[in-house]
Amino acid sequence: MVASSYRVSIDAIPRQNQREVWREALGGLLLDCQLPESGPFQFGELTSKRSTSGAQLVLLRSSEQQIVCSGHAASARVAIIFHGYGRGSIASGQRSCEFADNDVSVCDLQSAWRMTLREDFEILLLELPRERLLGRLGHNRLRLPIVLGATIAAAAVRPVMRTLGGNFAILDKADLATAEVAVTELVAGALLGETRLDAETMTQVQAGHLRRVDAAIEAQLGNPGLTIADIARQEGLSQRYLQRLFERQNTTFSAYLRERRLERCCNDLIDPNYADQRIAAISYRWGFSDQAHFSRMFSATYGTSPRQFRKAVPRDQETARTRGRPRLMRGTATVLRLAPGAAPQEIARQEPIAPAEPPAAPPDVRASSHHHLKVSRDTTHWGYLSRTIPPVMCVESGALVTIETLTQHAFDDYERMIKGDPGAESVFHWTAERKSVERRGAGPMDGSIFGRGAGEGFGVHICTGPIHVRGAEPGDVLEVQITDIWPRPCANPAFAGKSFGSNAAAWWGFQYNDLIDPPGKRETITIFETDARAETAHALYSYRWTPQTDPFGVRHDTMDYPGVPVDHATIEKRVGVLAGVRVPARLHFGFMAVAPRESELVDSIPPGYFGGNVDNWRATKGTTLYLPVAVPGALFSIGDPHFAQGDGEINGTALELSLTGQFRLILHKSGQATKPHLEGLGHPLLETAEEWILHGFSYGNYLRELGRNAQSEIYQRSSVDLALRNAFRATRKFLMECYRLSEDEALALISLGVDFGVTQVADGNWGVHAIVRKTMFSQAAGA
């Protein structure tokens with residue numbers, strides 16, 4: 001999960017207040033500034049992230065100015081500063097040192113100094129407790145501020161800081177914890193090389209010996225039997241000489257070794273990377289073979305037990321709002337409780353299994369035959385795609401198939417969207433004794449990462465299918481003609497003749513961190529009703545999500561797991577919302593996909609070349625969708641039914657309402673396609689009678705492009721910029737191949753006659769679509 005950050009940009013501030021706001025932002029770092037008196041303040045951006053250890057990483061970009069530290073005796077903090085660009089100087093008293101691009105400087109916030117920046121600049125500042133860095137230097141004399149020189153350690157820290165600055169936007173707390181340790185160690189080593197030596201401390205040779213000894217100890221901290229004799233023998237020094245070296249630092253070998261081990265344990269106890277590891281395992285890793293001894297030493301040093309120290313660390317509240325598999329997580333201590341007495345074979349049946357031959361089609365099946373795929377626990381897979389799911393139906397090319405789908409939000413109002421409906425009850429059934437569909441998402445079945453439930457909600461959509469299309473092979477194209485769509489009627493007699501849906505303004509929506517009404521961050525569900533004609537929908541009531549406890553006893557503070565029953569006794573309904581407003585129907589399926597080839601379990605949320613959660617409302621009745629086939633049989637699945645949605649899907653969801661659709665599935669074999677737009681198709685393509693609609697995602701094939709951690713990285717790296725770039729490239733290629741335009745012709749037409757729009761910013765892999773009107777080519781040769 002990307003670490004939460006604090007950001008100030010003066011571009012968003014009225015001009016008369018910009019200088020004051022900038023000084024206030026720097027004041028949070030115990031700094032001040034002097035800006036040029038003449039001319040406007042040109043620009044300033046400050047973004048900060050705080051680690052669990054209390055360190056703070058700050059990215060500063062601004063124009064010419066002087067940054068001033070007056071010296072704060074109570075701060076006990078230092079700043080490691082990487083000068084990305086912008087030349088200047090740092091001065092303290094009568095001493096001054098120059099810095100240039102890519103230099104690293106170290107400043108003490110207890111002392112007075114000033115940094116003069118003579119041009120536009122970018123600096124990355126790591127602020128951390130003073131003792132954590134300067135305590136490593138012992139009694140060596142060091143004059144701060146200092147610009148690090150040509151030591152190997154200084155050369156090594158520069159690319160680390162540069163990498164942190166370049167990836168600042170996607171750094172999470174685990175990254176910060178790891179980077180803090182690495183930077184501190186490297187800078188401490190560099191400072192040892194910069195220390196001022198005299199007869200009262202040690203000679204240059206002794207300082208070199210101390211650095212060698214320090215490195216040898218660091219490399220063997222995990223050896224519980226490490227002694228001064230081992231280090232002396234390894235470095236070719238006498239034990240007595242080593243003892244004198246440590247005495248000059250007012251310490252002993254054993255005290256120094258214990259201090260370094262405790263510091264490493266302290267770092268790991270607050271590092272999110274090791275949140276799942278037992279305290280005993282951490283202490284053993286750093287050389288404490290006796291847990292009781294470790295606890296006593298830790299308590300004596302830090303004034304609290306290791307357990308209380310770990311519990312006191314403020315855990316990132318954003319963890320509860322992680323969509324998709326988190327990066328670098330090894331799991332948590334939470335143990336998922338499965339249904340009592342759940343049969344192993346029942347759970348295993350929902351796990352992907354080895355690919356099998358599709359079931360033989362009935363003897364009388366013909367290309368023109370009509371099939372009906374009802375929705376039930378046996379015909380759905382919840383929250384994931386897989387090339388290994390056995391197909392629930394096998395059809396010939398050209399078959400007409402009626403497919404029922406369910407919204408995963410139906411438990412927002414059980415009475416209106418589930419009760420009395422055999423298909424919905426089959427899928428959503430969940431009691432303390434039994435959960436009908438165990439896996440919900442592509443996460444681990446034991447819920448060992450967050451403890452939300454089987455599959456962890458890494459994927460949320462109820463997908464009907466998959467359907468095997470005979471003869472489909474990788475490289476082919478599956479044409480999906482959407483011939484009809486209609487709402488699933490409510491089966492509860494109390495609401496006969498009506499259909500109901502839900503919109504959730506959720507924590508993954510674009511709006512969540514930009515709310516202006518109290519209480520700030522919140523999730524709101526609005527229930528809508530439509531009649532049999534399904535031309536418009538109107539709101540019945542809304543409520544704010546309150547923590548819900550599922551039948552297995554897991555508490556859900558947010559909508560972090562699909563299909564959690566909402567206890568309406570715990571919510572406060574607000575009626576009269578959106579009074580007089582009618583939402584026009586745009587019936588469509590947000591999710592239509594063939595199985596991807598790259599991974600066995602794929603999160604259903606991010607769309608890709610295989611289709612999936614594209615969330616384009618134009619995929620409605622009368623539209624044709626083309627998908628590139630990636631696995632034998634294509635394995636077509638459909639879900640995420642929507643009554644209506646606007647471009648962007650800004651609050652995270654559409655008007656989610658169960659639908660039934662009628663589709664004709666037509667296979668186009670590679671090399672035999674009669675339609676030029678199908679040759680080499682590499683992304684979902686929509687066609688209407690009047691338009692072509694092309695899609696670009698932040699990453700066209702994120703499963704391949706982002707490597708082994710693709711299903712984590714996609715949630716961190718997506719942007720509209722990347723999606724627009726890929727939509728543009730797809731459109732240019734389409735015009736050049738299908739209409740035989742030159743690149744210059746295509747570029748002119750794209751700018752003059754193609755409409756680009758944001759499809760969605762809710763699905764991890766953000767989407768942009770391009771609309772090409774067919775009428776532009778009505779006079780073209782061969783049109």
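The values are calculated or read from the model by the stated rules, or taken from the named source; none is laboratory data. Being a predicted model, the structure only gives us computed values, none of them experimental. Because the Cβ atoms are built from the backbone with ideal geometry, glycine has one as well, and the counts that use them run over all protein chains shown.
Take GLY84 and decide whether it is in the same structural domain as LEU31 (by TED's automatic domain parsing), surrounded by fewer than 23 Cβ atoms within 10 Å (Cβ to Cβ) and within 32 Å of the chain's Cα centre (by Cα). Give the derivation first.
Numbers: in the same structural domain as LEU31 (by TED's automatic domain parsing): yes; surrounded by fewer than 23 Cβ atoms within 10 Å (Cβ to Cβ): yes; within 32 Å of the chain's Cα centre (by Cα): yes.
When the stated conditions are applied, GLY84 passes them.
Can you tell me which residues in the stretch 268-298 are closer than 17 Å to TYR256 by Cα and not in a loop (DSSP other than H, G, I, E, B)?
If we filter the stretch 268-298 for residues that are closer than 17 Å to TYR256 by Cα, which is where we start, we get 283, 286-288, 293-294, 296-298.
Of everything in the stretch 268-298, those that are closer than 17 Å to TYR256 by Cα and not in a loop (DSSP other than H, G, I, E, B) turn out to be SER283, HIS293, PHE294, ARG296, MET297, PHE298.
Collect the residues in the stretch 407-456 that are in contact with a helix residue (DSSP H, G or I) (Cβ under 6 Å, 6 or more places away or on another chain) and more than 14 Å from PRO565 (Cα to Cα), keeping them in residue-number order.
GLU438
Hey, among the residues in the stretch 545-555 that are assigned to a strand (DSSP E or B) and more than 23 Å from the chain's Cα centre (by Cα), which one's surrounded by the most Cβ atoms within 10 Å (Cβ to Cβ)?
Narrowing the stretch 545-555 to residues assigned to a strand (DSSP E or B): 548-549, 555.
After this cut, where a residue has to be more than 23 Å from the chain's Cα centre (by Cα) as well, the list is 548-549.
Working: GLN548: 19, THR549: 13.
Result: GLN548.
Do we have THR47 as in contact (Cβ under 8 Å) with a residue 12 or more places away in the chain, farther than 24 Å from THR163 by Cα and either not assigned by TED's automatic domain parsing to the domain that holds LEU128 or not small (Gly, Ala, Ser) (or both) here?
Details: in contact (Cβ under 8 Å) with a residue 12 or more places away in the chain: yes; farther than 24 Å from THR163 by Cα: no; either not assigned by TED's automatic domain parsing to the domain that holds LEU128 or not small (Gly, Ala, Ser) (or both): yes.
Judged against the criteria, THR47 is not a match.
Select from the stretch 623-648 the residues that are within 18 Å of ILE666 (Cβ to Cβ) and not β-branched (Val, Ile, Thr) and list them in ascending order.
Once the filter is applied, which keeps residues that are within 18 Å of ILE666 (Cβ to Cβ) and not β-branched (Val, Ile, Thr), the stretch 623-648 yields LEU625, TYR626, LEU627, PRO628, ALA630, PRO632, GLY633, ALA634, LEU635, PHE636, SER637.
For the stretch 466-498, which positions are closer than 21 Å to PRO562 by Cβ and touching a Leu at 6+ places or on another chain (Cβ under 7 Å)?
PRO466, PRO487, ARG488
Please give the strands (runs of 3 or more DSSP E) falling wholly within the stretch 32-115 in which 3 or more residues are modelled with pLDDT of 85 or more and in contact with a Leu (Cβ under 8 Å, 6 or more places away or on another chain). Give the steps one after another, and end with the answer.
Numbers: elements: 32-34, 44-50, 56-62, 65-69, 77-85, 88-92, 95-99, 103-108.
Counting at least 3 such residues, we get 44-50, 56-62, 65-69, 77-85, 103-108.
Could you run through the stretch 740-766 and say how many residues are of a type in the set (Gly, Ala, Ser) and crowded, with 19+ Cβ neighbours inside 10 Å? Spell out the reasoning first.
If we filter the stretch 740-766 for residues that are of a type in the set (Gly, Ala, Ser), which is where we start, we get 742, 746, 748, 751, 753, 757, 762, 764.
Right, trim to crowded, with 19+ Cβ neighbours inside 10 Å and you get 746, 762, 764.
Qualifying residue count for the region: 3.
For the stretch 118-133, what are the residues that are closer than 23 Å to GLY71 by Cβ and touching a helix residue (DSSP H, G or I) at 6+ places or on another chain (Cβ under 8 Å)? Walk me through how you get there before you give the answer.
We begin by selecting, within the stretch 118-133, every residue closer than 23 Å to GLY71 by Cβ; these are 121, 123-133.
Result: LEU124, LEU126, LEU128, ARG132, LEU133.
Name the strands (runs of 3 or more DSSP E) wholly within the stretch 590-646 that hold at least 2 residues that are farther than 20 Å from ARG323 by Cβ?
624-628, 636-644
Answer yes if at least one residue in the stretch 572-587 is surrounded by 16 or more Cβ atoms within 10 Å (Cβ to Cβ), touching a helix residue (DSSP H, G or I) at 6+ places or on another chain (Cβ under 6 Å) and part of a loop (DSSP other than H, G, I, E, B), and no otherwise.
Taking every residue of the stretch 572-587 in turn, none turns out to be surrounded by 16 or more Cβ atoms within 10 Å (Cβ to Cβ), touching a helix residue (DSSP H, G or I) at 6+ places or on another chain (Cβ under 6 Å) and part of a loop (DSSP other than H, G, I, E, B).
When only residues in the stretch 98-116 that are out of contact with any Pro (no Cβ under 7 Å at 6 or more places or on another chain), more than 26 Å from GLU263 (Cα to Cα) and of a type in the set (A, V, I, L, M, F, W, C) count, which is surrounded by the most Cβ atoms within 10 Å (Cβ to Cβ)?
So, considering only residues that are out of contact with any Pro (no Cβ under 7 Å at 6 or more places or on another chain), more than 26 Å from GLU263 (Cα to Cα) and of a type in the set (A, V, I, L, M, F, W, C), the one surrounded by the most Cβ atoms within 10 Å (Cβ to Cβ) is MET115.
Per-residue answers, yes or no, for (1) at pLDDT 95 or above; (2) of a type in the set (S, T, N, Q); (3) outside any strand (DSSP E or B); (4) farther than 27 Å from PHE510 by Cβ:
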{"position": "THR674", "(1), (2), (3), (4)": "no, yes, yes, yes"}
{"position": "HIS677", "(1), (2), (3), (4)": "no, no, yes, yes"}
{"position": "LEU686", "(1), (2), (3), (4)": "yes, no, no, no"}
{"position": "HIS695", "(1), (2), (3), (4)": "yes, no, no, no"}
{"position": "ASN709", "(1), (2), (3), (4)": "no, yes, yes, no"}
{"position": "GLN716", "(1), (2), (3), (4)": "no, yes, yes, no"}
{"position": "LEU724", "(1), (2), (3), (4)": "yes, no, yes, no"}
{"position": "ARG729", "(1), (2), (3), (4)": "no, no, yes, no"}
{"position": "LYS733", "(1), (2), (3), (4)": "no, no, yes, yes"}
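I'd like to verify a number: residues in the stretch 618-644 that are under 25 Å from TYR561 (Cα atoms) and crowded, with 22+ Cβ neighbours inside 10 Å, how many? Let's see the steps before the verdict.
Looking only at the stretch 618-644, we keep the residues that are under 25 Å from TYR561 (Cα atoms), and these are 636-644.
With crowded, with 22+ Cβ neighbours inside 10 Å added as a condition, the list becomes 636-643.
Residues that pass the stated criteria total 8.
Quick check: anything in the stretch 222-237 at pLDDT 85 or above and basic (Lys, Arg)? Quick ask: steps written out before the conclusion?
Of the stretch 222-237, the ones at pLDDT 85 or above are 222-237.
Within this subset, residues satisfying the condition of being basic (Lys, Arg) are 233.
Yes, because at least one residue in the stretch 222-237 is at pLDDT 85 or above and basic (Lys, Arg).
Looking at (1) surrounded by fewer than 16 Cβ atoms within 10 Å (Cβ to Cβ); (2) at pLDDT below 90, which is the one condition that is false for GLU119?
(2)
Matching residues to (1) under 19 Å from the mean Cα position of the chain (by Cα); (2) among the hydrophobic types (A, V, I, L, M, F, W, C); (3) surrounded by fewer than 23 Cβ atoms within 10 Å (Cβ to Cβ); (4) in the same structural domain as ALA539 (by TED's automatic domain parsing):
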position	(1), (2), (3), (4)
LEU657	no, yes, no, yes
ARG664	no, no, yes, yes
LYS675	no, no, yes, no
GLY682	no, no, yes, no
HIS695	no, no, no, no
ASN701	yes, no, yes, no
GLU705	yes, no, yes, no
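Answer yes if at least one residue in the stretch 556-566 is in contact with a Pro (Cβ under 9 Å, 6 or more places away or on another chain), charged (D, E, K, R) and assigned to a loop (DSSP other than H, G, I, E, B), and no otherwise.
Checked the stretch 556-566: at least one residue is in contact with a Pro (Cβ under 9 Å, 6 or more places away or on another chain), charged (D, E, K, R) and assigned to a loop (DSSP other than H, G, I, E, B).
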